[in-house]
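Just so you know, all these numbers are worked out from the coordinates, no wet-lab data involved. What you are looking at is a predicted structure, and each value in this text was computed from that prediction instead of being measured. Here the Cβ is made from the backbone with ideal geometry for all residues, glycine too, and neighbour counts use every protein chain on show.
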Amino acid sequence: MNRGSKLKNNFLATRWVWTAATGITLSVFFIQFYLRGYGIHADGLGYFAPLRSLVFDGDLDVSNEFRFFASTFSHFSHRGRWPFEIPVYSKYTIGTGLILAPFFLLGHVLALLLNILGIQTVALDGLSWPYELTYTLGSLSLGIFGLYLGYRTARSLYGSAVSSMALLGVWFGSPLLYYLTLGASMSHAVSTAVVSLLIYVCVSSNGSRLRSGPGQILIGFLLGLAALVRPQDILFLTIPAILMLLSPELKLEKKLRGILLIIIMAAITTIPQLGIYWSQYGTVFGSPYFIEGQWSSAGSSFNWTAPQVIPVLFSGFRGLFIWHPLILLSFFGLLINFSNEKAKKISFLAAFGFQLYLISVWHCWWQGESVGARMFSSCTFIFIFGLASFWNGIHKRWNLAIPLVLTILLIGWSSLLTAQYLSRLIPPEQPVAVTTLLHNQTRVITHLISQLWGKGNMLPPSDQ
């Protein structure tokens, strides 16, 4: 086969992967939206409500929004959307809502058009379904954008064939898929997009932005924005810092000045959130996130000296490598052929390590009612890069049939575990042994079908 034919086949394969993956994702998203009658639920309510309150009420008091949520019920399960105490303020950060604000406003335009054209009368109050539809579609779109940035970087190094395989594996075999579809109102897809853009800016153009003042300001802004979406993402400072320190083109003084500039810009970007915490709780550390662990069995929100690293990675209770074994291959991909792209791999491993440590010291390290290890979703760019590196090593010795078969099998494994969770074959927030997961894999399909048939028994995940 000549070079032209190979390029054509690679292009067709890549286009097929993107078309199929996007089509499946959108299909699942629209089906769940139709069945529920809404797109925002669980933690997503806490990200959406402050945005709606700012736009329509001019404040951050979300009690009226949550009273509305408490009065709405799923068309599918007939269960209430918010069966808990009505909060005054949202404990969640404002970044997700701010980034999705243009999509929220697009929902207002859609609602206006529906009324003007006489297609359907909907309330122009920020709470009717058009607002939720465009808001969650915006989250889904940004998540796919983050996947694209990871794929694009991997393709520049490893080619389109193995990068497409890595893209497919991470898209459907990582924690992200659920939070592109059934959980699109949460922060994970947006976090994926912002962190992926941050990393892409650092590693693209031969790292030139790391060496310029404007580039460092941009990186600092993106880092601060990532922290506004999910505070844990501030730890991705590791990537630009290590890349700059390992750069042979900069003197140490310029490296340290550049890192300091990034930190200062990130701090400036997070000031609005700190101001909100101060006004609502009287201290920047007054967020429930910092204190809610005091009432748990752990006695504090963070246990810095006793990280639960092994359970976080290998337990049946949301263990990253158990629920998403393709990510284990991605981790190996960052270790093999280490001399190739050494600086990138060191920075990616360090960033993953800091995320792992922070998650493992959190009092709720299993991440509550979670579909898989969702708090690792922000590492999507890293996962694609590592998995492409792994498949590239396999491809040099064999052909792509092995990666394809393994990808399909391991995606199937992760999908069945998700089905166990959704059908309540496993408890939503209690420890689960790996042996239990293995046993349930053989009967989860029939159990899920029976739960869907008696749909009132199937609880929507709360993902607290």
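Restricting to Cα pairs below 8 Å that are 6+ residues apart, what does the relative contact order work out to for the range 203-334? Please round to a whole percent.
Averaging sequence separation for qualifying contacts and normalising by length gives 17 percent for the range 203-334.
Apply the Karplus parameterisation 6.51 cos²θ - 1.76 cosθ + 1.60, with θ equal to phi minus 60°, to every residue of the range 333-350 and state each ³J(HN,Hα) to the nearest whole Hz, in sequence, with x for glycine and proline.
x, 6, 9, 7, 6, 4, 5, 7, 6, 4, 4, 4, 5, 4, 5, 5, 5, 5
Please list the equivalent ellipsoid semi-axes of the range 84-215, computed as the square roots of five times the alpha-carbon gyration tensor eigenvalues, in descending order and whole angstrom.
They are 34, 18, 16 Å, listed from largest to smallest.
Taking Rh as the Kirkwood radius computed over C-alpha pairs, what is the Stokes-Einstein D of the range 327-464 at 4 °C in a medium of viscosity 1.567 mPa s, expressed in µm² per second?
Stokes-Einstein gives a translational diffusion coefficient of 75 µm²/s.
Report ³J(HN,Hα) in whole Hz for each residue of the range 226-242, in order, from the Karplus equation J = 6.51 cos²θ - 1.76 cosθ + 1.60 where θ = phi - 60°; Gly and Pro get x.
Once θ is set to phi - 60°, the couplings for the range 226-242 become 4, 5, 5, 7, 9, x, 4, 6, 4, 5, 6, 3, 3, 5, x, 5, 5 Hz.
For Phe145 and Lys342, calculate 0.36 nm times their separation in residues minus their Cα-Cα distance, and state this gained length in nm to one decimal.
Stretched fully, the Phe145-Lys342 segment lengthens by 68.4 nm.
Roughly how many debye, to the nearest 20, is the charge dipole of the chain about its Cα centre, given +1 on each Lys and Arg Cβ, -1 on each Asp and Glu Cβ, and no other charges?
Taking the Cα centre of the chain as origin, the dipole is about 1780 debye.
Express in nm, to one decimal, how much length is gained between Ser247 and Glu292 on full extension, taking 0.36 nm for each residue of separation and deducting their alpha carbon distance.
12.0 nm
Can you compute the helix-only [θ] at 222 nm over the chain? Use -39500 (n - 2.57) per DSSP H run of at least 4 residues, normalise by all residues, nearest 500 deg cm²/dmol.
Helix-only estimate at 222 nm: -20500 deg cm²/dmol.
So for Tyr131, Tyr178, Tyr89, fewest C-beta neighbours within 10 Å to most, what's the order?
Tyr89, Tyr178, Tyr131
Name the chymotrypsin sites (Phe, Trp or Tyr not before Pro) in the range 278-326 that are in a loop by DSSP and that have at most 15 other C-beta atoms within 10 Å, would you?
Listed in order of number, the matching sites are Phe285, Trp304.
For Ser185, which sequence-distant residues (separation of 5 or more, or a different chain) have an amide H within less than 5 Å of its own amide H, given hydrogens modelled in the peptide plane?
When sequence neighbours closer than 5 places are left aside, the close amide H contacts are His41.
Please work out the Cα convex hull volume for the chain and give it in Å³ per residue.
Dividing the Cα hull volume of the chain by its residues yields 168 Å³.
Net charge within 14 Å of Phe338 by Cβ-Cβ distance, Lys/Arg positive one each and Asp/Glu negative one each, not counting Phe338 itself?
My count for the surroundings of Phe338 gives +2.
Using the Karplus curve 6.51 cos²θ - 1.76 cosθ + 1.60 with θ = phi - 60°, what ³J(HN,Hα) values do you get for each residue of the range 70-83, in whole Hz, with x for Gly and Pro?
5, 8, 9, 10, 5, 5, 7, 9, 6, 9, x, 7, 9, x
Residues with amide H under 5 Å of Ser301's amide H, sequence separation 5 or more or different chain, H placed in the peptide plane at 1.01 Å from N; which?
Counting only residues 5 or more places away or on other chains, the set is Gly293, Gln294.
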